[in-house]
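Only one structure is covered here, and it is reproduced in the block below.
The values are calculated or read from the model by the stated rules, or taken from the named source; none is laboratory data. In this text the structure is predicted, and so the values were computed from the model without any measurement. We place every Cβ from the backbone using ideal geometry, glycine too, and count neighbours over all the protein chains shown. In case anyone asks, the SASA skips ligands and DNA or RNA and just uses the protein heavy atoms, side chains included. Shrake-Rupley method; radii C 1.70, N 1.55, O 1.52, S 1.80 Å.
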Amino acid sequence: MQKYKGFIRMSLIFLIVSSCCGCGNGMASVNAGITDVNSFGVYTINMNSTDVEIFSTEPEVISLTISAAGDVSLGNLQIHGYEGTFREMYDLQGAEYFLQNVKPIFEQDDMTIVNFEGVLTESTDLVEKQYNIKGEPSYIEILPLGSVEAVSFGNNHRMDYGQQGCDDTVALFDEKNIPYAYDDNVGIYETQGIRIGFVSVNEHYDGKAVEVWLEDGIKQLKEENVNLIIACCHWGVEMQNYPNDYQLELGKKCIDWGADLVLGCHPHILQGIEVYNGRFIVYSMGNFCFGGNRNPKQKETMIFQQTFTFIDGVKQDDRQAKVIPCYISSVMSRNDYCPTPAEGDDYTAILAQINALSEPFGTKFTEDGSYIISADEVSR
């Protein structure tokens, strides 16, 4: 379509210029001149009292920032009592409390996506397993109050309370207009006229079977003309800081299939970040607002941000990314379920950890958390 617009513009200009010069096949000379140029670059040309507008060919440039964070469990385990739990903190503080310290970051971006681990339901029909996570349906308010716009839902706690628990949670996402994805259900979020599609799978339970959902989901999103595709993978081994061989393989497959960004969860702690074919694979973002553990030993986490540039809807290859070191709690003596950006020496220590974990992939972030494009990437 752009080519045709350009052809029409050039033809009109040629016609005007030809008329002004008195050239053309017997065409009379016409007195024409530019009478106005407005702030939008629209020229008004007067030809014998006939106004003609010629629109400038300036491309539409859109800058869009996505924030991503790890496991968000709005509730607690079935084995927990009441004291020190997410439930108690909700009763004491209310819904706005939990994301209050990161909300200023999320409000400044164009889309925030987290991994929603657990369900919100009144069902008591729990599946027999070691850990089941659930919260009250009212807890859904925490997400929009914290400026979270989308959730990945493909994980090993989606079915903790059977199909009813899953259905109840999905109904709440729909009620709050929060796009979600899991298995063969894809999600789409639109902002600034840019359509962001995402897929979400649970490799921890489903193994290599997830490849069909990922590949088909990415294909479906392409057919729906999204401008950007994110693949969310629940994978790896809990409490392991380095991705296993299949994470390394599957992350690259997602990008080969067409994903522009790969986001990983499940290990509950941080793993490194790799750049493959100019696209980021974040192997594990760790816990975030996590009600499943009242006092985990490792409280380090991060927010991963990437800013994408689109020219006339087409994503550019500019790799503008940064990490924001955080803790899952505002206090270190326990988990108070209030993720908080790190400061001072704490910030420096978490950033150093992220860099150490990313070093095997040749990925590095500066003191302000910005990604450094390597010499090898520049040469490519």
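The set of residues in the stretch 171-199 being β-branched (Val, Ile, Thr) and surrounded by 18 or more Cβ atoms within 10 Å (Cβ to Cβ) consists of Ile178, Val186, Ile194, Ile196, Val199. Scanning the stretch 245-280 for residues that are part of a loop (DSSP other than H, G, I, E, B) and closer than 17 Å to Arg319 by Cα yields Gly258, Ala259, Asp260, Gly272, Asn277, Gly278.
Do you know which residues across the stretch 302-355 are in a strand (DSSP E or B) and under 18 Å from Tyr97 (Cβ atoms)? Answer for the stretch 302-355, where residues must be in a strand (DSSP E or B) and under 18 Å from Tyr97 (Cβ atoms): Cys326, Tyr327, Thr340, Pro341. Scanning the stretch 126-144 for residues that are over 26 Å from Asn177 (Cα atoms) and either touching a helix residue (DSSP H, G or I) at 6+ places or on another chain (Cβ under 8 Å) or small (Gly, Ala, Ser) (or both) gives Leu126, Val127. Among the listed residues Ile196, Ile230, Ile178, Ile218, which satisfies the condition of being in contact (Cβ under 8 Å) with a residue 60 or more places away in the chain, more than 19 Å from Ser284 (Cα to Cα) and among the aliphatic types (A, V, I, L, M)? Just one listed residue meets the conditions, Ile196.
There is at least one residue in the stretch 118-138 that is acidic (Asp, Glu) and out of contact with any Asp or Glu (no Cβ under 9 Å at 6 or more places or on another chain).
Do we find a residue being outside any loop (DSSP other than H, G, I, E, B) and in contact with a helix residue (DSSP H, G or I) (Cβ under 6 Å, 6 or more places away or on another chain) anywhere in the stretch 147-166? No; the residues of the stretch 147-166 include none that is outside any loop (DSSP other than H, G, I, E, B) and in contact with a helix residue (DSSP H, G or I) (Cβ under 6 Å, 6 or more places away or on another chain). Restricting Ile269, Ile255, Ile328, Ile230 to those that are under 30 Å from Phe86 (Cβ atoms), crowded, with 16+ Cβ neighbours inside 10 Å and within 17 Å of the chain's Cα centre (by Cα) reduces the list to Ile230. Applying the set (1) under 19 Å from the mean Cα position of the chain (by Cα); (2) more than 25 Å from Gly146 (Cβ to Cβ) to Glu359 leaves exactly one unmet item: (1). Among the residues of the stretch 318-367, the ones that are touching a Lys or Arg at 6+ places or on another chain (Cβ under 8 Å) and among the aliphatic types (A, V, I, L, M) come to 2 in all.
Give me the residue from the stretch 296-320 that is among the aliphatic types (A, V, I, L, M) and surrounded by fewer than 23 Cβ atoms within 10 Å (Cβ to Cβ) and, out of that set, nearest to the chain's Cα centre (by Cα). My answer is Val314.
In the stretch 37-59, the residue that is nearest to Thr340 (Cα to Cα) out of those that are loosely packed, with under 15 Cβ neighbours inside 10 Å and either in contact with a helix residue (DSSP H, G or I) (Cβ under 8 Å, 6 or more places away or on another chain) or at pLDDT 95 or above (or both) is Thr57. When only residues in the stretch 61-92 that are in a helix (DSSP H, G or I) and in contact (Cβ under 8 Å) with a residue 12 or more places away in the chain count, which is surrounded by the fewest Cβ atoms within 10 Å (Cβ to Cβ)? Ranking the candidates gives Met89 first. Residues considered: Leu214, Leu120. Of these, the only one that is closer than 24 Å to Val262 by Cβ, surrounded by 18 or more Cβ atoms within 10 Å (Cβ to Cβ) and at pLDDT 95 or above is Leu214. Scanning the stretch 148-170 for residues that are more than 16 Å from Asn287 (Cβ to Cβ) and either open to solvent by less than 20 Å² (accessible area, probe 1.4 Å) or of a type in the set (A, V, I, L, M) (or both) turns up Ala150, Phe153, Gly154, Met159, Asp160, Tyr161, Gly162, Gly165, Cys166, Thr169, Val170. The single residue among Asn241, Asn287, Asn293 that is touching a strand residue (DSSP E or B) at 6+ places or on another chain (Cβ under 8 Å), under 17 Å from His204 (Cα atoms) and open to solvent by 50 Å² or more (accessible area, probe 1.4 Å) turns out to be Asn241. Looking across the stretch 229-260, the residues that are closer than 18 Å to Gln306 by Cα, of a type in the set (A, V, I, L, M, F, W, C) and in contact with a helix residue (DSSP H, G or I) (Cβ under 9 Å, 6 or more places away or on another chain) come down to Ile229, Ala231, Cys233, Cys254, Ala259.
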